[in-house]
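In what follows, a single structure is set out as C-alpha cells and then discussed.
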Amino acid sequence: MPQTAFAEQPGEPKPDLTIGFLLMKSFTLASVAGLVESLRFAADESFTSRQIFCRWEWMTCDNQPITASCGLPVSPTADLDFSKNWDYFVLAGGLLEETRQSPPWLLQALRDLHARNIPIITLCSGAFVAGNAGLLDGRHCAIHFTTRDEFRLRFPKAIPVIDKTYIKDGGIISCPGGTAIDLAADLIRQHCGLVRSQKVLKYLLVEEPAAPVKKTQQKNTLNEPDVYENELVNKVIEFMKHHLDSPVPLADVAEFAGVSFRQLNLIFTKCTGYSAAVYWRRMRLELARKLMADSSNSINAIATATGFADASHLIAWFRKQYGETPSSFRKRRRVVERLVKE
C-alpha cells in the first residue's frame, strides 16, 4: 500500500486513508457522492466532518471548476498533481462523450501512477479512460450494462463484467456507477478498521453485506478484497492467510500449490502485481498494523504473531511500507482519538 503523502500541518496527525478525485467533465454525481460521503462519516466522530482519519482532494484536468452531468458545478480544492502518493486515485467519469477519448498526457500519467503501485479507482465511464491507457488489458472490469457492447469493441483485451458493484483486479478497482458505498465500506474497513466501516453503513442507513457465499456455492466473488480469477492464486492466498504467524519457506508454498517457485512468482505477479513474497509480507504488515491499532500488545508480541523474526525486523519493514515506525503509528492514533473526542 502506498505511503500517504498529503501535506499535514505541524503537529497534525497523518490520516489513515487519502484519496485524490479527478473529476471528468459531466461526471456522475451519485457514485462520487456515495464514496466521499462514506469517507466523511469515517473521517471523524458523529457528523462533525473533519478530515482526520480520511482526507480527500477534488481535482480537474485544467484546475478549473467543472460541472456534473446533473448540472451541479464543483470547484477543485487542489491543483492536479500526479506526484502525490495517495492511497487511491479516483477517475470519476460520467457521460461517455467526455471519456471516450482522453488526452495523451492523462493516459501517460495514469500509467505512471499504476507503475508506482497506486491503486486507480474508475467510477462510471472512468473505465474508458483506464482502458485507453491500456490498464485493463487482460483484467476484469466492472462496467455499466449500457456500455458493455461499446466497451468490448474498444477494449477487446479487457474482460467486462456487468453484474458486480465493483471489481479489484491488478491495481485497478472498477465501479460501474450506483452509489459506490459498498466499495467505500471495503476501503474504510481495510484502512480505518471494522468499527468505522460499520459506522458508515449505519449512518448511511445501509445494511451490512451478508457473509460471503462459500466457494462450493459461488465460484467467484471478484468484488471481495484479495480475490482473483485464478484458482491457484486464490488457493495460495488462503494458505497465506492461515500461516501469517509462521514464516513458511516460499519453496514449501510452491510445493503446496503444485508449481515451481519461479512459476508461483510469475502467476502472482501477473494476477496481483506483486511477487508471492511481497504479497505475503504485505498481508502480514496489514495484520501487524491492525493489531497495533486494536490492541496494547508489545511490538515483540505482534512481530511473533505476524511471522517476523523479531521487533527490529517488523519495525524496518513497517517503516518501509507505511513511512513511519510502529511507535509513531500508535502515537498518531492516540492523537487522532483525542482529536475526535474534542
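The values are calculated or read from the model by the stated rules, or taken from the named source; none is laboratory data. All figures in this text were calculated on a predicted structure; none of them were measured in a lab. Here Cβ is always computed from backbone atoms with ideal geometry, including for glycine, and neighbour counts include all displayed protein chains. Calculation scope for accessible area: heavy atoms of the full protein, side chains included, ligands and nucleic acids excluded. Shrake-Rupley method; radii C 1.70, N 1.55, O 1.52, S 1.80 Å.
Let me check I've understood the local charge: for GLU97, count other residues with C-beta under 15 angstrom from its C-beta, Lys and Arg +1, Asp and Glu -1. What total comes out? Each step should come with its number before you reach the end.
Details: positive: LYS25, ARG100, ARG154; negative: GLU98, GLU150.
That sum, taken over residues with Cβ under 15 Å, equals +1.
If the chain linking ARG319 and ARG332 were pulled fully straight, counting 0.36 nm for each residue of separation and taking away their Cα-Cα distance, it would gain 3.3 nm. Taking a Cβ cut-off of under 13 Å around ARG148, the surrounding Lys, Arg, Asp and Glu residues balance to a net charge of 0, with basic ones at +1 and acidic ones at -1. One compactness figure for the chain is 1.00, namely its Cα radius of gyration divided by 2.2 N^0.38 Å. Legend: P(r) of region 38-132 from all alpha carbon pair distances, 10 Å bins from 0, whole percents, reading 14, 42, 35, 8, 0.
For region 265-305, state the semi-axes of the equivalent ellipsoid (square roots of 5 times the eigenvalues of the alpha-carbon gyration tensor), sorted largest first and rounded to whole angstrom.
They are 27, 9, 4 Å, listed largest first.
Over 28 Å apart at the Cα level, from the set LYS14/LYS199; LYS25/LYS168; LYS25/LYS199; LYS14/LYS235, are LYS25/LYS199; LYS14/LYS235. FRET efficiency for GLU150 and LYS235, Cβ-Cβ distance as r, R0 = 45 Å, nearest 0.05? E(calc), rounded to 0.05, equals 0.80. Taking 0.36 nm per residue of separation and subtracting the Cα-Cα distance, full extension of the segment from VAL248 to ARG100 would add 48.5 nm. Sorted on the mean count of surrounding Cβ atoms within 10 Å across their residues, most packed first, peptides 111-122, 42-53, 70-81 read 111-122, 42-53, 70-81. Distance between the pseudo-spin-label points of ASP112 and ASN297 (7 Å out from Cα toward the beta carbon): 4.1 nm.
For the chain, the relative contact order comes to 16 percent (Cα pairs under 8 Å, sequence separation of at least 6). Per the 1.4 Å probe, what fraction of the accessible area of region 18-109, in percent, lies on carbon and sulfur atoms? Carbon and sulfur together cover 54 percent of it. Along its principal axes, region 46-194 has C-alpha extents of 46, 36, 33 angstrom, given from the largest down.
Note on GLU255/VAL195: beta-carbon distance plugged into 1/(1 + (r/R0)^6) with R0 of 45 Å gives a FRET efficiency of 0.70. Think of a 1.4 Å ball rolled over the protein heavy atoms: region 70-116 then has 49 Å² of accessible area per residue.
Under a 5 Å amide H cut-off, with hydrogens placed 1.01 Å from N, CYS141 pairs with ILE159, VAL161 among residues at least 5 apart or on other chains.
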